[in-house]
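Okay, so here's the structure we're looking at.
The values are calculated or read from the model by the stated rules, or taken from the named source; none is laboratory data. Here the structure is a predicted model, which is why all the values come from computation and not from measurement. Neighbour counts run over all protein chains shown; Cβ positions are idealised from the backbone, glycine included.
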Amino acid sequence: MAEILTKDEIEALLAAVSTGEIAAAPAREVDLPGDVKTYDFLRPAPISPRQRSILHAIHDRLCRQLSRALSAHLNMSVQIKIGGIDAMAYRDLEPTLPNPSTLVVLNLEAHRTRALLAIHPMLGFVVADRMMGGQGAPTSVTRPFTEIEQELIDEVVGLIQVEIQNAWERILPTETRIEGRASSSQFIQFVPGEEVVVTFSLEAHIEQATGIVQLCYSSRILEVIAQVSPSENSPQNAPETTKARQQIEGMVHSLPVEMTASMGPVPLRIREVLSLREGDVLLLNHRVGDPLDLAVGNKVRFKGYLGVYREKLTFAVSHKL
């Protein structure tokens with residue numbers, strides 16, 4: 001058993017080392033393994049691989065649903081994808097939020113947590129321009145939104161709020177409620193600056209324009225995710241819901257289509273076309289009593305007959321092709 005030094009002996013040894021009577025042992029070099037990584041205690045990364053996987057699945061679903069909803073709302077192609085997931089102190093995130101922008105604090109009531117939605121100005125101007133009948137072209141304008149533009153953007157905020165709620169529905173259902181709005185992070189209270197937040201950067205591609213939607217959760221969301229069992233997040237146990245299918249069917253069913261009834265082509269030579277005058281009669285290659293073609297778009301889908309009802313032409317479908 002090693003001899004235990006007394007307090008006086010320890011102090012004597014320390015005094016001898018400090019005066020140089022006893023040489024200190026040389027420092028030894030330690031070979032570190034190649035997989036050593038630095039760790040920043042001021043900026044921890046508390047998201048575990050499992051939590052990251054669950055959060056990515058929820059927000060990947062959000063991107064798909066939001067792409068469909070915005071495409072129908074703006075009547076143009078919209079693609080949204082996850083640009084990145086990160087964890088940082090809120091004081092580090094706050095300076096990255098553009099000013100002016102549309103900032104909305106959401107309360108996820110069932111989870112007792114909050115989320116911050118930030119729509120970057122370029123995306124806001126594109127959405128407002130499109131909803132006012134424009135082309136939705138990209139712009140570099142950085143002025144504050146007008147009241148009309150803000151009202152139009154708020155419509156999209158309401159749509160995003162609904163889709164966030166729908167995205168969480170299959171994992172941990174919750175109701176969402178808007179707590180506050182602002183155009184600058186200086187005028188909104190979200191969480192203390194030292195609190196760690198989980199942030200998502202969503203890239204929105206609208207025709208030729210690209211904009212950013214940031215979604216930020218307080219750290220409480222990680223405790224919520226810890227309650228999710230592996231079976232609840234399993235892909236095979238997460239089929240598309242009836243509600244999502246009904247939304248897609250509703251969008252498709254409301255699309256306008258053009259239908260055209262025709263009697264077939266009339267073969268003419270160029271000189272005959274050039275000599276056509278008012279009162280000329282053309283002989284059609286269609287026999288009296290034969291059904292006409294009814295095309296949906298450019299493809300013939302039905303056969304039927306022309307008629308008259310209340311002094312208007314009608315088409316009676318006889319059969320489907």
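The table for this structure:
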| read-out | value |
| --- | --- |
| Pairs, first in the same structural domain as residue 106 (by TED's automatic domain parsing) in segment 147-163, second among the polar types (S, T, N, Q), C-beta under 7 Å, six or more apart | 153/102; 157/102; 161/176; 163/65 |
| Single residue of segment 257-272 satisfying the filter (part of a loop (DSSP other than H, G, I, E, B) and of a type in the set (D, E, K, R)) that is nearest to residue 292 (Cα to Cα) | 258 |
| Unmet requirement for residue 61, which otherwise passes all of (1) closer than 29 Å to residue 147 by Cβ; (2) at pLDDT 90 or above | (1) |
| Restricting segment 111-141 to residues that are of a type in the set (Ser, Thr, Tyr) and surrounded by 12 or more Cβ atoms within 10 Å (Cβ to Cβ), the residue that is nearest to residue 183 (Cα to Cα) | 139 |
| Count - residues of segment 56-103 that are farther than 20 Å from residue 166 by Cα, out of contact with any Ser or Thr (no Cβ under 6 Å at 6 or more places or on another chain) and of a type in the set (D, E, K, R) | 2 |
| Any hit, segment 207-225, residues being modelled with pLDDT under 75 and exposed (fewer than 11 other Cβ atoms within 10 Å of the Cβ) | no |
| Qualifying residues in segment 286-307 (those that are assigned to a strand (DSSP E or B) and small (Gly, Ala, Ser)) - the one farthest from residue 264 (Cα to Cα) | 307 |
| Selected residue (criterion: surrounded by the fewest Cβ atoms within 10 Å (Cβ to Cβ)) from residues of segment 95-106 that are closer than 17 Å to residue 198 by Cα and modelled with pLDDT under 90 | 95 |
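So that you can scan it fast, the table gives a plain yes or no per residue for (1) under 21 Å from residue 216 (Cβ atoms); (2) under 8 Å from the mean Cα position of the chain (by Cα); (3) polar (S, T, N, Q); (4) part of a strand (DSSP E or B):
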residue	(1), (2), (3), (4)
65	yes, yes, yes, no
70	yes, no, no, no
82	yes, yes, no, yes
87	yes, no, no, yes
95	yes, no, no, no
99	yes, no, yes, no
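Residues are listed down the side, and each one gets a yes or a no for (1) surrounded by 10 or more Cβ atoms within 10 Å (Cβ to Cβ); (2) not small (Gly, Ala, Ser):
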residue: 282; (1), (2): no, yes
residue: 287; (1), (2): no, yes
residue: 291; (1), (2): yes, yes
residue: 294; (1), (2): yes, yes
residue: 299; (1), (2): no, yes
residue: 304; (1), (2): yes, no
residue: 307; (1), (2): yes, no
residue: 314; (1), (2): yes, yes
residue: 320; (1), (2): no, yes
